Amino acid sequence: MTSYEGSMLEQLAMPTRAEVEKSLLMTLFKNNGAIREFASGVKIVDEIADGFSLNQEQRNAVLERIYKKENRIVKTPLWHRLLYRAADNLAKEKLVTRPTITVQLTNKKEWMLTEKGFDAALQLLGLTSEQKAVLPVKSFEVQREIKRLTETERPENYDPLDLQKKKKTHVKASNIRSRGFRHAVIESYDYRCCVCGLKIQTPDFMIWEVEAAHIVPHGSNGRDDVWNGIALCKFHHWAFDTGWFSLSNDCKMVVSSRLQELPMDFGRVENYDFFRNTLYQDKLILLPKNPVLYPHPGSLKWHRQHIFHT
Ligand SMILES: [Zn+2]
């Protein structure tokens, strides 16, 4: 750092780089793991400045560097430069990916949290890493897994069972895979239960209620592929896993005949017959926009044979 820049930072009582690094990690966390690169007019640049309550002088200070060879003066906003230096350092520590790397994955020039950066942000917030399973933050590694899951060619014949699954002991890899599965499934279904359409978040708008259900369950070595998943609310997830309903190969509901024997005061929410009004024979579920991501008949057949109660 030039002494000129250093003394300017000091004179204006700008935050330290370490403070800006912390703030960047929190900001990335709040923005689901990615923020735009720092160009002028980018909202995030002002938002982070707001976090430090920077005054106009601090925000507008310009660093002038003279390039003697080319005989020109380059003016850089001091605040941008400080942000960039902090982000650059986070990238060196592998806590974020640089916009030049992220753009290759997402087509967006953004700084993005890595798994390591996600952990660091959780620690700053006093949250445990178990929270990773439900939080909306997507790390670079999870983002890459989602891309793989949603862009792999759909096979004609599909075996939803992964018999090698239990032997795989790499915890970190399986953790990224299962989070990639969850994000890919709930995004494909627009965060709705594919049976009743329920779409709701926690009051802080952070966590979606909907769950990514395995058609062939995890415990039966079901694969973490979008073709082996559907998005369900907690109630319909339970009803699906216990065999109250299944799906035909063309994604229409198949409902257990035991429903007929069920007393009329069962499955009701106050006066509304929730159970019978959401589960009925031949009703088409709400499907993803992209047919490539529809549940695979290979998985559905297995569910009808092994889980469904006729
Ligand atoms: Zn539902």
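The values are calculated or read from the model by the stated rules, or taken from the named source; none is laboratory data. Bear in mind that the values here come from a model prediction, so they are computed numbers and not experimental data. Cβ placement follows ideal geometry from the backbone for every residue including glycine, while neighbour counts extend to all protein chains displayed.
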Before we move on, is Pro295 surrounded by 16 or more Cβ atoms within 10 Å (Cβ to Cβ) and under 22 Å from Phe308 (Cα atoms)?
-> yes
Could you grab the pairs with beta carbons closer than 9 Å, sequence gap of 6+ or different chains, first residue in the range 204-220 and farther than 29 Å from Leu163 by Cβ, second one among the polar types (S, T, N, Q)?
-> Ile207/Gln201; Trp208/Gln201; Trp208/Thr202; Glu209/Gln201; Glu209/Thr202
Any idea which residue in the range 223-240 is nearest to Arg154 (Cα to Cα), counting only those that are within 24 Å of the chain's Cα centre (by Cα) and surrounded by fewer than 21 Cβ atoms within 10 Å (Cβ to Cβ)?
-> His237
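Do we find a residue being of a type outside the set (S, T, N, Q), within 29 Å of Phe205 (Cβ to Cβ), touching a Pro at 6+ places or on another chain (Cβ under 7 Å) and modelled with pLDDT of 95 or more anywhere in the range 48-58?
The answer is yes; a qualifying residue exists.
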Check Glu64, Glu21, Glu57 and return the single one that is closer than 25 Å to Lys172 by Cβ and of a type in the set (Asp, Glu).
-> Glu21
Output the residue which, of all residues in the range 249-278 that are under 29 Å from the mean Cα position of the chain (by Cα) and surrounded by fewer than 16 Cβ atoms within 10 Å (Cβ to Cβ), is farthest from Gly298 (Cα to Cα).
-> Lys252
Extreme residue, nearest to the chain's Cα centre (by Cα), among residues of the range 3-45 that are exposed (fewer than 14 other Cβ atoms within 10 Å of the Cβ) and polar (S, T, N, Q) | Ser40
